[in-house]
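Here, each number is a calculation from the coordinates, and none is a lab measurement. Since the structure is predicted, the reported quantities are computational estimates derived from the model, not experimental observations. With ideal geometry, Cβ positions are generated from the backbone for all residues, glycine too; neighbour counts draw on all protein chains shown.
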């Protein structure tokens, strides 16, 4: 919002905004801003203008509410990044954090890395060693500390120095050094492509051919051109890895590709963050479903940062399931950055296969997920606390801690105490539908039941969507409200860590965060597409240089791993059997009414088929004919065609013979008029002969007869067409002589 001319920096060190810009930031009218300036609500300055009064107001950004400052920072990221420190210090903690978030680098290690277990382990070890090497204790020489850390992780100090240098220059991506699989190196590329071309052409011309014959063909060609070739088994390996799309085209031609690239048609979603604790919670409020009217209590999964007491991530649904935990982590990572460790309560949903895979992948970022009981571990065992936080007893194992802590007092955990405060904020916001207390007296319970019944009957309970708005209002209130233990708000505590301790948040690319935290399942490929939650998905389009894009090259019924967002159908990723990653998108569907969309899809289909055919031609172009066909058949056909050709001399001779025969018949017989009665025809030839004779005799044909003659003539070959032309000429002569005889 605003331009450089509209935002001016004064010598006193602030950002000055025009009234209309402030009105847009706050979402109010210009008149309301003018009135607020007169009342002295904002820090203002009078400047000259061309209006009637000759002046107008400008408002200092630092005097606006924190939410408006954050909006300004997000709308002007380039301006915000370059603000001098003395101007940033005047802004709210929330705005300063947004500027810090914008200035923080984004780290990326590559999606394929999360598939390879050995890479994840090596990278996690490197990150731990680097992080420890960077935090050398005061009074310790850097070189001694580097050697000590290297010895602890079982690597040389030179290796650690090299990793530190790479990390400073390139970040996490520089530390990833995947080892590529070695291919078959005994072959020249030309030899492989020639062999594949021989095989494809033989399949196209013969229908079926052995791989050994293609190998024998490349041996002969390699001797002529000096190519390097490998063993027969390696040749079979290359032919087995031949792109299935090429094989389909060779076997069944364009129709096979037409079936693969079919168009679907329808007739109709500590340091800061060093320790986060998470738990599920059911809210103490009843809400209603806007569509069905059913009453239920929403559930959520929430992560809380123990250092700043910030609400790190929150995800709400009608019922708790395993995906809420990952969704809550994602919200926190995108807003606040990467965490170092998360502690969860190890309830049944949390220890599901989905969460275990997340825990396994998160280690690649140098993060950990642990049992919350580890927070209470001491030399004597695992301490159980009472409601006031005082130690009650000590147990020997995390499993016993869970049993005893729950039985003793479930509210002893830090996050359980937080939920009590959070529910209090919701009550202060005037949220209706509070669940009655189990410990209340009978009269209080009866009154609470009566009140809830009245809310249900009058539809005054909040809908689930309206309750969500209240929850996120409560999140902002909690993050900005003074915390008794911190003596400041959580957001101010976070900014204090940035300012005083040099804390720098780590942000990861959104693609990698999604890849790790998305829900996982498996699907079988069906003609280059997969079906997920009643929706078809496909990968990117093919090109002549890349026939392995998307899932098109995978044989039908190949099982692939699918990662998807249950709350966003557009986010779907496929992991192929070779551990490569493909992004998928919903298949565009056509309609009988939408001609433009149909045309676009037909153009896409032609592009896909053309990519395969061009690649096929490139492979088969240098290969000569594979099958030797009979030459006699071709010669015999040419001779027969030549025999059927009638020269002009032959035609004149036939014409003279015909005239002579007609003249003799006229002399001997009296001409009988043609009977127009319609006979029954045994075939199309007889039907056409009758129609032609009727036409030459001057009789009138029906529309059906004329249509048949046009269709039959369109199917004639050259020989048959010449025969009927001669028939027309002969019949014309006969008719002429007939008239002469009558005369």
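For a test of the definition: using alpha carbon positions, the gyration tensor, and the 1.5 limit on a/c, classify region 8-103 as rounded, prolate or oblate.
On the way: a/c = 2.16, a/b = 1.68, b/c = 1.29.
Prolate, since a/c reaches 1.5 and a/b exceeds b/c.
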Distance in nm between residue 727 and residue 486 label points, each 7 Å along Cα→Cβ, equals 10.0
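Under the rule a/c < 1.5 gives rounded, and otherwise a/b versus b/c splits prolate from oblate, where does region 36-83 land using the Cα gyration tensor?
On the way: a/c = 3.17, a/b = 1.73, b/c = 1.84.
The shape class here is oblate.
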FRET efficiency (residue 504, residue 319; Cβ distance; R0 51 Å; to 0.05) is 0.85
Output ordering of 678-685, 306-313 (per-residue mean of other Cβ within 10 Å, highest first) is 306-313, 678-685
Burial-style ranking of 53-60, 567-574, 590-597, average other-beta-carbon count within 10 Å with highest first, yields 567-574, 53-60, 590-597
The simple spin-label model distance between residue 449 and residue 118, using points 7 Å out along Cα→Cβ, in nm, is 6.7
Taking r as the C-beta separation of residue 103 and residue 251 and R0 as 56 Å, the FRET efficiency to the nearest 0.05 is 0.45
By the Cα gyration tensor axes a ≥ b ≥ c (a/c under 1.5 gives rounded; else a/b larger than b/c gives prolate, otherwise oblate), the shape of region 562-618 is oblate
In nm, the gap between the two label points placed 7 Å beyond Cα toward Cβ at residue 152 and residue 524 is 5.2
Length-normalised contact order of region 8-103, Cα under 8 Å, at least 6 apart, in percent, tallies to 26
Stretched fully, the stretch from residue 606 through residue 621 gains (0.36 nm per residue minus C-alpha distance, one decimal, in nm) 3.3 nm
Ranked output for segments 481-490, 211-220 by mean other Cβ atoms within 10 Å, highest leading, reads 211-220, 481-490
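Residue separation times 0.36 nm, minus the C-alpha to C-alpha distance between residue 334 and residue 535: what's the value? Before the final figure, lay out each step's value.
Working: separation 201, 0.36 × 201 = 72.36 nm, distance 2.75 nm.
That pair, residue 334 and residue 535, stretches by 69.6 nm at full extension.
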At q = 0.24, 0.26 1/Å the base-10 log of I(q)/I(0) from the Debye formula over the alpha-carbon atoms of region 107-175 is -1.06, -1.17
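Using a Förster distance of 56 Å, how high is the FRET efficiency between residue 589 and residue 660, based on the Cβ-Cβ distance and rounded to 0.05? Each step should come with its number before you reach the end.
Numbers: r = 73 Å, r/R0 = 1.30.
Calculated value: 0.15.
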